[in-house]
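Read through the structure below, which is laid out as structure tokens, and then see the notes.
The values are calculated or read from the model by the stated rules, or taken from the named source; none is laboratory data. All of these numbers come straight from a predicted model, not from anything done at the bench. In this analysis, Cβ positions are derived from the backbone assuming ideal geometry, glycine residues included, and neighbour counts consider all displayed protein chains. In case anyone asks, the SASA skips ligands and DNA or RNA and just uses the protein heavy atoms, side chains included. Shrake-Rupley method; radii C 1.70, N 1.55, O 1.52, S 1.80 Å.
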Amino acid sequence: QVQLVESGGGLVQPGGSLRLSCVVSGSIFRLAVMGWSRQAPGKERAVVAVITNSGRTNYADSVKGRFTISRDNAKNTVYLQMNSLEPEDTGVYYCYLDTLSGRSWGQGTQVTVSS
């Protein structure tokens, strides 16, 4: 069973930066589409960034130009670089992995943007 473990969340001031990491167990990582979703307080979980196994990326409009998703297949890791953070970016960030068998989720990491 694949496991995803996120890290890198925390408290940051508006305008600051954070980098989230998600380490995936197993060799399936190279074949998988990876993504990050976030769940803001009182809202449903929503995808913010996706990267395919060939490196193509896509972003939610709210984070375009500020967030960058990347992957390192040698380390089975996907990253989310978040710059120019805004209070509206506050939430729990979840890493996920998509294969033909379905979607697997990490446990989430809290990001709080506040002065």
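Just order 55-65, 69-79 by mean Cβ neighbour count inside 10 Å, highest at the front, would you?
Working: 55-65: 12.8, 69-79: 17.0.
Going from most to least packed, we get 69-79, 55-65.
Label-point separation (nm) for Asn73 and Trp105, each offset 7 Å from Cα along Cα-to-Cβ?
Label-label distance for Asn73 and Trp105, simple model: 2.8 nm.
What are the residues whose amide H is under 5 Å from the amide H of Thr90, where those residues sit 5 or more places off or on another chain and H is modelled from the backbone?
Under 5 Å from the amide H of Thr90 lie the amide H atoms of Val113, each far enough along the sequence or on another chain.
Could you check the simple spin-label distance between Ser54 and Ser27, using points 7 Å along Cα→Cβ, in nm with one decimal?
2.3
Using a probe of 1.4 angstrom, how much of the accessible area of the chain is carbon and sulfur, in percent? Walk me through the intermediate numbers first.
Values: 2900 of 6160 Å².
Carbon with sulfur: 47 percent of the solvent-accessible area.
At a threshold of 8 angstrom on Cα-Cα distance, excluding pairs fewer than six apart, so keeping six or more, what relative contact order does the chain reach in percent?
Over the chain, the number comes to 37 percent.
So what are the ³J(HN,Hα) numbers for the stretch 84-99, from phi and the Karplus equation (6.51, -1.76, 1.60; θ = phi - 60°), rounded to whole Hz, Gly and Pro as x?
Here the 3J(HN,Hα) series is 6, 5, 10, x, 5, 7, 4, x, 8, 9, 10, 8, 9, 10, 10, 9 Hz.
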